[in-house]
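Read-outs throughout are calculated quantities, based only on the coordinates presented, and are distinct from any laboratory measurement. None of these values were measured; they are calculated from a predicted model. Heads up, the Cβs are rebuilt from the backbone with ideal geometry, glycines too, and the neighbour counts pull from every protein chain shown.
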């Protein structure tokens with residue numbers, strides 16, 4: 001899969017998830033779409049403005065510049081075609097076709113909760129954000145937020161201090177961090193999680209970019225926890241997206257005399273789950289045993305090769321040659337895979353190149 005063309009269409013204003021899907025359905029792949037004549041693109045559903053924007057990018061050299069910058073910055077790009085594309089985000093309506101990532105996403109990030117709130121929190125709100133985010137991280141839950149001033153920054157810092165993972169979603173290109181004073185925080189997040197954007201490199205942090213990025217914050221998460229939000233707060237936009245996406249919404253109750261708590265208190269009135277402690281979130285989302293789930297997942301088959309080899313094994317010793325013959329795989333590949341599987345505790349070598357399954361064949365290797 002050549003991600004060049006995914007990045008290419010990401011540079012074109014007016015071509016988002018819906019139009020990318022139309023192009024894929026019409027042309028089969030984005031390379032064919034990128035090289036197609038305008039008449040064919042119009043037939044695929046692109047409007048006049050999108051066609052004009054596409055023509056402008058095609059002839060500008062922007063694509064080659066963007067590809068060079070992606071390489072220079074060491075940015076990872078993930079698309080719908082990638083197995084590593086975040087599972088939670090993939091499930092929402094119209095997920096972003098391309099994600100730019102600094103740091104690394106991990107399978108464990110499936111267990112994630114967004115913590116969002118006002119940029120101008122009270123001492124009570126700041127302490128609540130800190131304690132709840134640290135508690136989530138300590139329980140093995142990734143903390144998702146937007147790297148903004150206030151509650152967002154506190155949530156990221158608390159997760160980092162607790163030794164947990166945290167994901168920061170930007171409303172700008174990943175090369176134009178906002179606010180700029182959080183550059184150091186972004187570096188720390190990338191070392192212990194990931195900084196993410198669906199905006200092309202070079203996109204400035206314009207105000208119109210932030211509401212759409214909030215749907216990614218909620219989309220990456222199992223639930224959204226709002227800690228102090230005034231009327232009209234961006235955190236309320238995130239909670240609206242969460243509700244649309246079928247995510248649970250939680251809110252920390254605040255003083256009825258505090259303007260910064262008007263929005264979060266109203267969420268509770270409207271049915272958001274009131275949070276007294278981190279256990280309220282963990283229990284509601286069935287995340288109490290996340291660390292145990294992670295340990296279990298570490299001994300699951302990692303790919304189809306491991307699954308094929310496990311299918312050949314039981315409690316009775318089987319020679320490596322027979323395993324390879326049954327699985328239809330070369331011995332060199334079987335040998336390497338079995339060595340890794342033994343380290344993971346999936347199989348055991350019982351001598352003379354014979355192996356058995358660490359559990360009875362047909363055992364349950366799935367997490368429910």
What ranking, highest mean first, results for peptides 51-57, 155-161 when packing means the other Cβ atoms within 10 Å averaged over each residue? 155-161, 51-57
For 168-175, 88-95, ranked highest to lowest by mean beta-carbon neighbours within 10 Å, the order is 168-175, 88-95
Taking Cα extents along the principal axes in Å as the quantity of interest, determine which of (1) 81, 41, 34; (2) 62, 49, 32; (3) 73, 58, 35 was computed from the displayed structure. (3)
Percent relative contact order of region 103-289, based on C-alpha pairs within less than 8 angstrom and at least six residues apart? 22
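Given the DSSP H assignment, sum -39500 (n - 2.57) over each helix run of at least 4 residues in the chain and divide by its residue total; what's the result at 222 nm in deg cm²/dmol, nearest 500? Please report the intermediate quantities before stating the final value.
Values: 18 runs with 165 residues, N = 368.
So the helix-based figure for the chain works out to -12500 deg cm²/dmol.
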May I ask you to compute the full-extension gain from residue 149 to residue 26, defined as 0.36 nm times their residue separation minus their alpha-carbon distance, rounded to one decimal in nm? 40.0 nm
How long are the semi-axes of the ellipsoid equivalent to region 1-69, from square roots of 5 times the Cα gyration tensor eigenvalues, in whole Å, largest first? 18, 14, 10
Simple SL model, points at 7 angstrom along Cα→Cβ for residue 319 and residue 349; separation in nm is 1.7
Antiparallel DSSP beta bridges within the chain, as percent of all bridges there, nearest 5: 40
Could you give me D for region 103-289, from Stokes-Einstein at 10 °C and 1.306 mPa s, where the hydrodynamic radius is the Kirkwood radius over C-alpha pairs? Units µm² s⁻¹, please. 101
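In terms of the ratio Rg/(2.2 N^0.38 Å) built on C-alpha atoms, what value belongs to region 299-357?
0.95
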Length added when fully stretched, residue 255-residue 65, from 0.36 nm per residue minus Cα-Cα: 63.3 nm
Could you tell me the relative contact order of region 10-73? Use alpha-carbon pairs under 8 Å, at least six residues apart, and round to a whole percent. 37
How big is the equivalent ellipsoid of region 205-360 along its three axes, where each semi-axis is √(5λ) from the Cα gyration tensor, reported in whole Å from largest to smallest? 52, 17, 10
Kirkwood hydrodynamic radius of region 43-111, Cα pairs, Å: 14.5
